2 protein chains.
Amino acid sequence: MKPDVRKPWEEWTRADTAHRVVIENVSPEIDGGRFPVKRTVGEKVTVTADIHTDGHDLIAAVLLYKNHGDAAWRETPLRELGNDRWAGSFPVTSLGRAIYTVTAWVDRFRSWRRDLDKKADAGQDVRVDLLVGAMLVEEAAARAGGPDREALREAADALKVRDEAEAAEAVQRALDEGLLRRMGGYPDRRYATVYERELEVVVDREKARFSTWYELFPRSCSPVPGKHGTLRDVVLRLPYIAEMGFDVLYLPPVHPIGRTHRKGKNNVAVAGPDDVGSPWAIGSEEGGHKAVHPALGTLEDFRHLVAKAGEYGLEVAIDIAYQCSPDHPTVTEHPEWFRHRPDGTVQYAENPPKKYQDIYPFDFETEHWREMWEELSSVIRFWIDQGVRIFRVDNPHTKPYTFWEWLIAGVKEEFPEAIFLAEAFTRPKVMNRLAKAGFTQSYTYFTWRNSKWELMDYFEELTQTEMREYFRPNLWPNTPDILTEQLQFGGRASFMARLVLAATLGASYGIYGPAFELCENRPLAPGREEYLDSEKYEIRHWDIERPDSLKEFIGVVNRIRREIPCLQEDGNLAFHPVENEQMIAYSKAADDLSSIILMVVNLDPHNTQSGWVDLPMDRLGLDPAVPFQGHDLLSGARYIWHGGRIYFQLNPAEVPAHIIRIRRKVRTERDFDYFL
Amino acid sequence: MKPDVRKPWEEWTRADTAHRVVIENVSPEIDGGRFPVKRTVGEKVTVTADIHTDGHDLIAAVLLYKNHGDAAWRETPLRELGNDRWAGSFPVTSLGRAIYTVTAWVDRFRSWRRDLDKKADAGQDVRVDLLVGAMLVEEAAARAGGPDREALREAADALKVRDEAEAAEAVQRALDEGLLRRMGGYPDRRYATVYERELEVVVDREKARFSTWYELFPRSCSPVPGKHGTLRDVVLRLPYIAEMGFDVLYLPPVHPIGRTHRKGKNNVAVAGPDDVGSPWAIGSEEGGHKAVHPALGTLEDFRHLVAKAGEYGLEVAIDIAYQCSPDHPTVTEHPEWFRHRPDGTVQYAENPPKKYQDIYPFDFETEHWREMWEELSSVIRFWIDQGVRIFRVDNPHTKPYTFWEWLIAGVKEEFPEAIFLAEAFTRPKVMNRLAKAGFTQSYTYFTWRNSKWELMDYFEELTQTEMREYFRPNLWPNTPDILTEQLQFGGRASFMARLVLAATLGASYGIYGPAFELCENRPLAPGREEYLDSEKYEIRHWDIERPDSLKEFIGVVNRIRREIPCLQEDGNLAFHPVENEQMIAYSKAADDLSSIILMVVNLDPHNTQSGWVDLPMDRLGLDPAVPFQGHDLLSGARYIWHGGRIYFQLNPAEVPAHIIRIRRKVRTERDFDYFL
């Protein structure tokens, strides 16, 4: 990548000096091309680059790209934006890996044409200049075939004039738009500069960008209180989940659970005889990562669930937690994959002074890593065979980045429709690196971002910086591990507000239910954010038909998301000023502004808040002189507004949010057809 | 640079998984390491990088560097700044090219020590943990030599305990700072990650960073009006130039001047018989780029000038203008280095509809570029043989970037003290690319930046963005080509203000004299920025002893620059708010704040302006509760100030600027020694 200008003289070629055009600062390009950007099928990649050359010559530049499966490069022109910045776009049309780069060259004909025009304008004698042009056109003729070759030869001849009288007419022919177009087809690209890197795009299916997740514990799904739920019980729950508008059903690990050092209810160190244990303590004599917990059912039950879920528009996502209970068969079959302490015991997981003696981490520094990596990869492939394509990966930040890069690239090479969600609640740079390394989606800090400035700051980073190219946020207001203080103390209003925020700030979001829709808000203890009586350690029975459930509200919000494509992407988010720190306003709009959705949310779950929102009329394509309509898709109410300064008042005792479709056209007495 | 995670399985090694640490986002790094950064001898390079790994292990990281001539890497530790960002510095100590990179590894001992501390604090049984530590210490002992080996072995033994009573004491020994230091000397770096690129620093001499240029036309230096000045006349002018405090004397081309199509006075198309022509129309039958114009003297005279200038602390810089008059010997000796038009004539320079028939550009697309490049390079080497080390390069943006990269790298490999100033008044990205390609210093847009916001905007870009790493500005308020409207209409006050701005905003600046110090302000015509009766086309006689000359003022300003090191760099510039758009305030301070200089300039040459400047007391290390002194180095006045809000009033009829040294200590009655 770094041409050595101090190389021996004999290694220099004419190309070293003839490649005069420079292409630099190409975007998107993650870490100098080290990592791909991400798109979904049907999206486009807009590429920009600084392109310039010495002197005053004009440049021509094209974007080169190959969609997955393309044998040859395709081309689309780049246009200059000013200040030597060029831009162009290409569509990604197939799953897999697309590549792109840029090429540019000195456009002699257009440079000559521009100069000829100026000279002729100044009344200069241009006969010699016309001869220069004739040579350029003849050279192009030699590159052309068919009728163009003849046409160009004729055009060249017409530029060879004897006297100034003929010259005037020749200038007209030289400046002819048709000749320019024809010449554009046969450029001299011998010394075109090709950008030094080919850049990659991972092209996923739509669900990678737009997905709505529901997490539940199958063992809590029995209709009989206290009874261990099964995968068959989950099948019965599918209509309920589908009715709320979710499209991914994510299950915590469904494998046999270890008995050794099993945790009791509320995470106490010693389990009682009837305690069911944590699903993340994977493996027992009944099997490991490729087995189904007998209490949940069989592998056939699992496949049945996957099939039935599909009928309801739901895809089953499973949890990939690469760790073992002490009873996992692998612990005895492959002791060399674990770290052993000097006393001969296996090293359990710990975060000193906390000990997780029910869990053995894999030792990624083992000498036998090859066999171990292959086994871990085979787990994914096993579940792919059962029909799973979505994997929520537990704590990926405790395994090496390279392992994930290898695993995900390998799986996606064969199954490009696979989706991996990184559950890494850790430091920002580690989360970003995992996203770059291949994770399709990532958990985010949204869970703890409550105030207006926190939300604006974080979502501007996610959607307006380079992160938008590789990090797809998946927003969770709660998880089995996290019941935030906001939800503990904010009551129903905060559940509704957090749901609307998650569902409209992010194209992908999820909830852990039924705890969420039933507004479960009891923490393990004051100041803790674990749930009391957490399903991680016991079976819960949820009364999903409770009248105060948010299930209908969630259903409305998810229906809005499904119906309005501009809510299905992240990069189109824009915040708008409101003169009230407890109110946040933002919009998402289609590229062509054919659809504009405005969200206004009251962040204060206790008090009615009001304020003026300032809409950027110009950017939204709204005429400040013409009234427009706001249609609140949550309440159904319609408002007529004049100008971009709009008053809102939101009462948390009712609905703490608006999701408003902006309609440009307000019907008037002139719209007679309205009355037909 | 891009490890292929999809490579065949048999190509994988243990290192692929064992290199767990990631090093990314290293700074400074220009275009992915494509170009070097720039420093001068004695400066330091502060390197930052994101460094992190999976899991919770602690990391150790060092900066690796080699100064020019170093055979082996040197190391200096990186320290963590927070958020996984690390920083460290190394000094550049020798001319030439330094290189640097970063390496980092998991620090097992420190990770273990941290965990042990937490476990012991929690009262846990740590006997097995101590055995783990003993192994780590024993491994280090095996890497150590001499007394450390024995000491580490003993330390390891002390960690092997039988009962909990012994354990308490062993924990103390394990946490001992001395053991930590000793272990730090023998880290396990087998799986250290080394950053994938070695990054370069071009290390120049001090004058590359801090220089004060004076340009004059030797032919205007005769004491006898109308007579063609000589290089001997320039020798007589040296005391005058040195007295003003300049250290570079830059001469326009000193070569024979062509006669064909010679331009007359004020750039008229046809010269009279006595017209001297433009020095940039290089070459006649008397010689080309390696000859001295006979009217100026001989090559010996030139060498004499270089030597005498040195006695006055002045270095002679010459003009490198790679172009030929039609009479240049090369035009006939090497017609293949020029472009020929279809009528057989040589293509002259043009910028349609303007024609420069007195100048033939070299054809950088010639097939014979090798011989031509060598000849052009030999011009530099010829003048190096005459004692020149500073080259002001005319219009480098009309020659290929690669040519400059080759030329400058080649010359500097042999003569690392060589300095190249790029005279490219062109588009920003082209100017930046030339700086990256190797030019030591660059002309800037300062010439046309007059208003406060223009100056702040531009200088923040130059000094606070990545440009500071490779683009060294050289500020010129005027040049023989540019008499700005500001100077045309602003009178003496604007000359003084522009001088102070140039001399204090930039570590390097220059003026074209004596036009500057004599406040020459007559344009060729209204609305033009060329000089009337420009020295480019005729001999001028300047009365340098005129009482209204700015020579003393310039001398004072340059003396201040020489005496105060913090004015000799660019990166320490900070602007301060003033509530008056016609007043600008900024400071430069030493790293350790031992020296702080505050500039306040009235940008309005016609009216007295006043306003309150807000100083960031905290950042400047000033106690708001303690009075401090401002000492105006231009007027000699001293002020006592309390707090950071200071009133200034500047009358353009007097001096339109302050250069104030901030002195922290104000003497009081307690400083008795003052009265001794």
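The figures follow:
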| item | result |
| --- | --- |
| Residue match in the stretch B:166-183 (condition: outside the structural domain of B:N67 (by TED's automatic domain parsing), buried (at least 17 other Cβ atoms within 10 Å of the Cβ) and within 23 Å of B:A502 (Cβ to Cβ)) | no |
| Residues of the stretch A:217-236 that turn out to be in contact (Cβ under 8 Å) with a residue 24 or more places away in the chain and crowded, with 24+ Cβ neighbours inside 10 Å, as a count | 6 |
| Residues located in the stretch B:73-95, provided they are closer than 19 Å to B:T440 by Cβ and open to solvent by 10 Å² or more (accessible area, probe 1.4 Å) | B:T93, B:S94, B:L95 |
| Qualifying position, being more than 14 Å from every other protein chain (Cβ to nearest Cβ), touching a Ser or Thr at 6+ places or on another chain (Cβ under 7 Å) and hydrophobic (A, V, I, L, M, F, W, C), among B:L63, B:L78 | B:L63 |
| Filter result for A:D70 (away from chain B (no Cβ under 12 Å) and either open to solvent by less than 50 Å² (accessible area, probe 1.4 Å) or touching a residue at least 60 places away in the same chain (Cβ under 8 Å) (or both)) | yes |
| Residue within the stretch A:550-566 that is assigned to a loop (DSSP other than H, G, I, E, B), at pLDDT 95 or above and open to solvent by 40 Å² or more (accessible area, probe 1.4 Å) present | no |
| Residue count, the stretch A:10-25 (criterion: crowded, with 20+ Cβ neighbours inside 10 Å and more than 10 Å from chain B (Cβ to nearest Cβ)) | 1 |
| Test set (1) open to solvent by less than 30 Å² (accessible area, probe 1.4 Å); (2) within 21 Å of B:R110 (Cβ to Cβ) - B:M135 fails condition number | (1) |
| Subset of the stretch A:395-413 (residues that are more than 7 Å from every other protein chain (Cβ to nearest Cβ) and out of contact with any helix residue (DSSP H, G or I) (no Cβ under 8 Å at 6 or more places or on another chain)) | A:N395, A:K412 |
| Search result, residues across the stretch A:425-452 that are buried (at least 24 other Cβ atoms within 10 Å of the Cβ) and assigned to a loop (DSSP other than H, G, I, E, B) | A:G438, A:F439, A:T440, A:T444 |
| Restricting the stretch B:490-526 to residues that are of a type outside the set (F, W, Y) and in a strand (DSSP E or B), the residue that is most open to solvent (accessible area, probe 1.4 Å) | B:P523 |
| Subset of the stretch B:237-252 (residues that are farther than 16 Å from B:R559 by Cβ and open to solvent by 10 Å² or more (accessible area, probe 1.4 Å)) | B:R237 |
| Of residues in the stretch B:38-60 being within 14 Å of chain A (Cβ to nearest Cβ) and open to solvent by less than 20 Å² (accessible area, probe 1.4 Å), the one farthest from A:W404 (Cα to Cα) | B:A49 |
| Selected residue (criterion: nearest to B:E563 (Cα to Cα)) from residues of the stretch B:595-652 that are open to solvent by 50 Å² or more (accessible area, probe 1.4 Å) and either aromatic (F, W, Y) or in contact with a Phe, Trp or Tyr (Cβ under 7 Å, 6 or more places away or on another chain) (or both) | B:Y639 |
| Positions within the stretch A:87-117 being within 11 Å of chain B (Cβ to nearest Cβ) and touching a strand residue (DSSP E or B) at 6+ places or on another chain (Cβ under 7 Å), in sequence order | A:R97, A:V106 |
| From A:L487, A:L462, residue being more than 22 Å from A:R392 (Cα to Cα), among the hydrophobic types (A, V, I, L, M, F, W, C) and in contact (Cβ under 8 Å) with a residue 12 or more places away in the chain | A:L487 |
| A:T212 touching a residue at least 12 places away in the same chain (Cβ under 8 Å), among the hydroxyl-bearing types (S, T, Y) and either in contact with a helix residue (DSSP H, G or I) (Cβ under 7 Å, 6 or more places away or on another chain) or not assigned by TED's automatic domain parsing to the domain that holds A:A437 (or both) | yes |
| A:Y186 vs. criteria within 30 Å of B:D31 (Cβ to Cβ) and among the aromatic types (F, W, Y) | no |
| Qualifying residue in the stretch A:370-392 (condition: open to solvent by less than 20 Å² (accessible area, probe 1.4 Å), modelled with pLDDT of 95 or more and at the interface with another protein chain (Cβ under 9 Å from one of its Cβ atoms)) | yes |
| Cβ-Cβ under 6 Å pairs, at least 6 apart or on other chains, the stretch B:118-145 side more than 8 Å from chain A (Cβ to nearest Cβ), far side open to solvent by 30 Å² or more (accessible area, probe 1.4 Å) and among the small types (G, A, S) | B:V126/B:A120 |
| Positions within the stretch A:138-161 being among the hydrophobic types (A, V, I, L, M, F, W, C) and either farther than 11 Å from A:A174 by Cβ or open to solvent by 10 Å² or more (accessible area, probe 1.4 Å) (or both), in sequence order | A:A140, A:A141, A:A142, A:A144, A:A151, A:L152, A:A155, A:A158, A:V161 |
| Which numbered condition B:E367 fails, given (1) open to solvent by 10 Å² or more (accessible area, probe 1.4 Å); (2) modelled with pLDDT of 95 or more; (3) within 10 Å of another protein chain (Cβ to nearest Cβ) | (2) |
| Count of residues meeting criterion [touching a residue at least 12 places away in the same chain (Cβ under 8 Å) and either more than 19 Å from B:W213 (Cα to Cα) or not in a strand (DSSP E or B) (or both)] in the stretch B:384-401 | 12 |
| Residue within the stretch B:276-288 that is outside any strand (DSSP E or B), assigned by TED's automatic domain parsing to the domain that holds B:R389 and free of Cβ contacts under 8 Å to residues at least 40 places away in the same chain present | yes |
| Any pair with Cβ under 8 angstrom, 6 or more apart, that starts in the stretch B:335-355 at a residue that is within 8 Å of chain A (Cβ to nearest Cβ) and ends at one that is of a type in the set (D, E, K, R) and surrounded by 14 or more Cβ atoms within 10 Å (Cβ to Cβ) | B:E350/A:D115; B:P352/A:R114; B:P352/A:D115; B:P352/A:K118; B:P352/A:K119; B:P353/A:K118; B:P353/A:K119 |
| Test: residue in the stretch A:111-129 that is modelled with pLDDT of 95 or more, in a helix (DSSP H, G or I), of a type in the set (S, T, Y) and buried (at least 16 other Cβ atoms within 10 Å of the Cβ) | yes |
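Residue-by-condition table, conditions (1) among the β-branched types (V, I, T); (2) in a loop (DSSP other than H, G, I, E, B); (3) outside the structural domain of B:P480 (by TED's automatic domain parsing); (4) crowded, with 21+ Cβ neighbours inside 10 Å:
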{"site": "B:A295", "(1), (2), (3), (4)": "no, yes, no, no"}
{"site": "B:F302", "(1), (2), (3), (4)": "no, no, no, yes"}
{"site": "B:L305", "(1), (2), (3), (4)": "no, no, no, yes"}
{"site": "B:G310", "(1), (2), (3), (4)": "no, no, no, no"}
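The values are calculated or read from the model by the stated rules, or taken from the named source; none is laboratory data. All figures in this text were calculated on a predicted structure; none of them were measured in a lab. No Cβ is skipped: glycine too gets one built from the backbone with ideal geometry, and neighbour counts run over all protein chains shown. Ligands, DNA and RNA are excluded from the accessible area calculation, which covers all protein heavy atoms including side chains. Shrake-Rupley method; radii C 1.70, N 1.55, O 1.52, S 1.80 Å.
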